[in-house]
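The values are calculated or read from the model by the stated rules, or taken from the named source; none is laboratory data. As the structure is a prediction and not an experimental result, all values here were calculated from the model. No Cβ is skipped: glycine too gets one built from the backbone with ideal geometry, and neighbour counts run over all protein chains shown. These area figures cover heavy atoms from the full protein model, side chains too; ligands, DNA and RNA do not enter into them. Shrake-Rupley method; radii C 1.70, N 1.55, O 1.52, S 1.80 Å.
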Amino acid sequence: MSEATPTTLILGAGQAGGETALALRQLGYTGRIVLAGSETHLPYRRPPLSKAFLAGQADEASLLIRPADGWEKAEIEVRLGVTATAIDRAAHTVSFDDGQTVHYDHLVLALGGRVRPLPIPGGDAPNVYYLRNIADAQRLRDALAPGKRVVVVGGGYIGLEVAASAVKAGASVTVLEAAPRLLARVAEADLAGFFATLHRENGVDVQVGVGVTALEQDADAKVVAVMAGDKRLEADVVVVGIGLIPNTELAQAAGLAVDNGIVVDEFARTSDPAILAVGDCAHHAHPALGRRIRLESVPSASEMAKVAASVVHGDAPKAVATAPWFWSDQFNAKLQMVGMTDGHDAVVERRLPDAQGAAVFMLFYLRNGAVVAAASINRAQEFMAARELVGRRAIVDPARLADAATPLKTLLAELG
Ligand SMILES: Cc1cc2nc3c(=O)[nH]c(=O)nc-3n(C[C@H](O)[C@H](O)[C@H](O)COP(=O)(O)OP(=O)(O)OC[C@H]3O[C@@H](n4cnc5c(N)ncnc54)[C@H](O)[C@@H]3O)c2cc1C
């Protein structure tokens, strides 16, 4: 490539970084693309790390977003095992920990986040596990075995998925959640109640309102005593899933705005026109919601990657448009969730008969009669239509929404 060829440097070779690189080529971008990341793995999907991969039902190759030759064919220079240490915005360069410096015309920050450590004595004991990357998942998978006593600290989606996978591996599992209910930050009480029941029915000891105060490793580093107020539990394995800290330090040191993530507009642009941010590290404006959100989900990373690529490529950039959505798999329940439930004033349930012993239902969250969010359990067939209802903030008759005999497609068609 000639010296005049523009370079897009993408920092972070994860879901959002990898997809930005691929989206650029799909749009016909002919510049040089450098995709640089700290991990030694090619870009991979993290969701199976708490599900099929942890349960031993998926191998490492199946996690890859593209096999090695896919990156070569797309002429994307992937540099692995290198960590960016500084951005020089005036010189348009990034320095790396191996001494190299790369010039950029556009810089895309796809830095993800790191696990929030348990801020208590013993939080870093040898039998305490966190889950963010392949190495974490391999270590945890090796530790799970029939009869092992597993305590999961944190009743969020990742904690609950780990609990389900640990039960599958034959472990006996306790979930400790400090808040008064599961999924307190991320789901409404009705949905959280469904998951609490599901886990209890599958043998998980779910305890809410129990904040862990200390972990004590025994002398031969085999058993951890989990202290929670006046409670004491013994565990062979403790898994901590209490959230993510977005990786913003590089952006902050470069003088970019940071507030619960790297602040970007609906086009993934920071205050510096040459720098964009995507994925878990970005706190982005969402026009339909009328506010900024930072989402930790694959669909959000993918959408932002496409938005950023359209901006870098230059013609007709597309803003973030779709209602945010994600999924979670636990035992026999596949959850798909779309929209934001905050401010809803009514919930409509649409229930179908159980199928093969699994619940099948949808919950619609309404505000002033408009559908603002929906949760689907084992109803993937209708989830696309639910996404559209939420995307359009459709006003539909709640009685018909509740009636599973009326297809959602019919309701959509009636909206015109
Ligand atoms: C166990 C688990 C289960 C999940 N399950 C689901 C699910 O079911 N559904 C769903 O929608 N989402 C799920 N997610 C969330 C989803 O995986 C993330 O939202 C997604 O990976 C975000 O992509 P990202 O590129 O922003 O971050 P990441 O995929 O984390 O990639 C960021 C990369 O940047 C690298 N990096 C950081 N700093 C630097 C630096 N200075 N220099 C170079 N590289 C750097 C990191 O090493 C990392 O590889 C799950 C996540 C986890 C961990």
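Things to note:
- Residues of the range 289-306 that are under 15 Å from GLU19 (Cα atoms), more than 9 Å from the ligand (Cβ to nearest atom) and without any contact (Cβ under 8 Å) to a residue 40 or more places away in the chain: GLU303 alone.
- Restricting VAL208, VAL237 to residues that are open to solvent by less than 50 Å² (accessible area, probe 1.4 Å), of a type in the set (A, V, I, L, M) and in contact (Cβ under 8 Å) with a residue 12 or more places away in the chain narrows the list to VAL237.
- Residue within the range 307-325 that is without any contact (Cβ under 8 Å) to a residue 12 or more places away in the chain and of a type in the set (Gly, Ala, Ser) present: yes
- Remark: PRO67 falls outside the filter, which requires a residue to be free of Cβ contacts under 8 Å to residues at least 40 places away in the same chain, under 30 Å from ALA166 (Cα atoms) and within 10 Å of the ligand (Cβ to nearest atom).
- Against the numbered list (1) open to solvent by 50 Å² or more (accessible area, probe 1.4 Å); (2) among the charged types (D, E, K, R); (3) within 16 Å of the ligand (Cβ to nearest atom), ARG269 comes up short only at (3).
- All conditions but one from (1) touching a Lys or Arg at 6+ places or on another chain (Cβ under 7 Å); (2) open to solvent by 30 Å² or more (accessible area, probe 1.4 Å) apply to ARG185; the one that does not is (1).
- Listed by position, the strands (runs of 3 or more DSSP E) enclosed by the range 276-371 that each have at least 2 residues that are within 20 Å of GLU388 (Cβ to Cβ) are 325-330, 333-339, 346-355, 358-367.
- The single condition from (1) modelled with pLDDT under 95; (2) touching a strand residue (DSSP E or B) at 6+ places or on another chain (Cβ under 9 Å); (3) surrounded by fewer than 13 Cβ atoms within 10 Å (Cβ to Cβ) that GLY357 fails is (2).
- Residues of the range 139-159 that are away from the ligand (no atom under 16 Å from the Cβ), in contact (Cβ under 8 Å) with a residue 60 or more places away in the chain and not β-branched (Val, Ile, Thr): LYS148, ARG149.
- Listing of strands (runs of 3 or more DSSP E) fully contained in the range 1-95 that carry 3 or more residues being in contact with a Phe, Trp or Tyr (Cβ under 9 Å, 6 or more places away or on another chain), more than 30 Å from LYS334 (Cβ to Cβ) and open to solvent by less than 20 Å² (accessible area, probe 1.4 Å): 7-11, 32-37
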